[in-house]
Amino acid sequence: MKYVIVGVHLRREDVEPLAVPLPCRGSDPEGLWLSGIEVPDDQPLSDRDLLIRTATARAALLERATFIAIRYGFAAHSEREVATKTAPHVDRWRKLLEAYRGEVEMTLKIAAAHPMARPVRGDFSSGTEYLTALHAASTSAEADPLFRAAVDEALRPLAVSSRWIHRDNSSIELAILLPREKVEELRVAGESLKQAFPRVPFLLSGPWPLEVFADADHE
Amino acid sequence: MTMPEPTDDLSLLETLDHLLDRGVVISGEAVISIGDVDLLYLGLNIVLANVDAIIRTANRR
């Protein structure tokens, strides 16, 4: 059997019985807990049912308490393996979990006002040139400036923290960290934006666990 | 880019998008899959959700 790891949690009771609690301690005397989903060794991580099962567990765990999301793909065969691979991160994770215990993430995905065409591999002589062009296309998407200003005015004041993120060539995202009790207020503000900008395609989703705000690459 | 009204399918799509493309990456773990087979297991700092994710990660290093 192996464990597909879903997230990092402050307390064991945040995990049980929704997932298998796996200790990760590092140099932290109290330690943290990872949530694992037990699956047979021969079940590939790309298995559709496993993906859905993991997504379902993720949602249930977030309802219980805020946790740090581990990107899908980390699987381990024993508690010892989990502990070894996560030990370097434990101190940083504890600080995040304690700081953001009452917060969740929301995501506002906005269609780019003028989406860049996605590069075609055949137009480039080398893979490096192609990847560079792909990256340029994915970082140049911008939202309608009027809509973006309205978002800054309506949504960002509700946030503890927020970050604009480029993810692909056709959209831009705002990651919003906010207290759980303000999620509904944010949704209402999102509905108001929909009324005010009926022609701007956007999607407000969440709540999500700590994803962008726990990712060292986004700091 | 079209943005349909929220539905259960859309909710699932968003959830899978977050599962595959967001969150903390544990160093040394990466699985590339096609269909139902995990093809490669790489000692990298990235999980390959899609090529855009690879590029973003590479450019931040």
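The values are calculated or read from the model by the stated rules, or taken from the named source; none is laboratory data. Worth saying up front: this structure is predicted, and the values here are computed from it rather than measured. Glycine gets a Cβ as well: all are built from the backbone with ideal geometry, and neighbour counts include every protein chain shown. These area figures cover heavy atoms from the full protein model, side chains too; ligands, DNA and RNA do not enter into them. Shrake-Rupley method; radii C 1.70, N 1.55, O 1.52, S 1.80 Å.
Taking the condition of being open to solvent by less than 20 Å² (accessible area, probe 1.4 Å) and over 13 Å from A:Ala154 (Cα atoms), how many residues in region A:168-178 meet it?
Final tally of qualifying residues: 6.
Give me the residue from region A:75-95 that is within 23 Å of A:Val212 (Cβ to Cβ) and without any contact (Cβ under 8 Å) to a residue 24 or more places away in the chain and, out of that set, surrounded by the fewest Cβ atoms within 10 Å (Cβ to Cβ).
That would be A:Lys95.
Failed condition for A:Ala117, given (1) in contact with a helix residue (DSSP H, G or I) (Cβ under 8 Å, 6 or more places away or on another chain); (2) under 24 Å from A:Val212 (Cα atoms); (3) open to solvent by 60 Å² or more (accessible area, probe 1.4 Å); (4) not charged (D, E, K, R), with all others met?
Unmet for A:Ala117, out of (1) in contact with a helix residue (DSSP H, G or I) (Cβ under 8 Å, 6 or more places away or on another chain); (2) under 24 Å from A:Val212 (Cα atoms); (3) open to solvent by 60 Å² or more (accessible area, probe 1.4 Å); (4) not charged (D, E, K, R): (2).
Looking at the structure I just gave you, is A:Arg58 free of Cβ contacts under 8 Å to residues at least 24 places away in the same chain and buried (at least 20 other Cβ atoms within 10 Å of the Cβ)? Spell out how you get there, then give the answer.
Details: free of Cβ contacts under 8 Å to residues at least 24 places away in the same chain: no; buried (at least 20 other Cβ atoms within 10 Å of the Cβ): yes.
The answer is no for A:Arg58.
Could you go through region A:95-113 and let me know if any residue there is among the small types (Gly, Ala, Ser) and in a helix (DSSP H, G or I).
The answer is yes; a qualifying residue exists.
Can you run down the residue pairs with Cβ atoms below 6 Å, 6 or more apart or on separate chains, where the first is in region A:63-74 and open to solvent by 10 Å² or more (accessible area, probe 1.4 Å) and the partner is β-branched (Val, Ile, Thr)?
A:Arg71/B:Val25; A:Arg71/B:Val47
Keeping to region A:59-91, report how many residues are of a type outside the set (Val, Ile, Thr), in a strand (DSSP E or B) and within 8 Å of another protein chain (Cβ to nearest Cβ).
Of the residues in that region, 2 qualify.
Given (1) modelled with pLDDT of 85 or more; (2) under 28 Å from A:Leu50 (Cα atoms); (3) under 16 Å from the mean Cα position of the chain (by Cα), where does A:Tyr100 come up short, assuming only one miss?
(2)
Let me spell it out: the conditions are (1) charged (D, E, K, R); (2) over 30 Å from A:Thr56 (Cα atoms); (3) more than 13 Å from chain B (Cβ to nearest Cβ), and A:Arg156 meets all of them except one. Which number is the exception?
(2)
Which residue pairs have Cβ atoms closer than 8 Å, lie 6 or more positions apart in sequence or on different chains, and pair a first residue in region A:128-145 that is more than 25 Å from A:Phe197 (Cα to Cα) and touching a residue at least 12 places away in the same chain (Cβ under 8 Å) with a second residue that is surrounded by fewer than 16 Cβ atoms within 10 Å (Cβ to Cβ) and among the β-branched types (Val, Ile, Thr)?
So the pair list comes out as A:Leu134/B:Val51.
Which one of these does A:Ser192 not meet: (1) open to solvent by 50 Å² or more (accessible area, probe 1.4 Å); (2) under 23 Å from B:Asp17 (Cβ atoms)?
(2)
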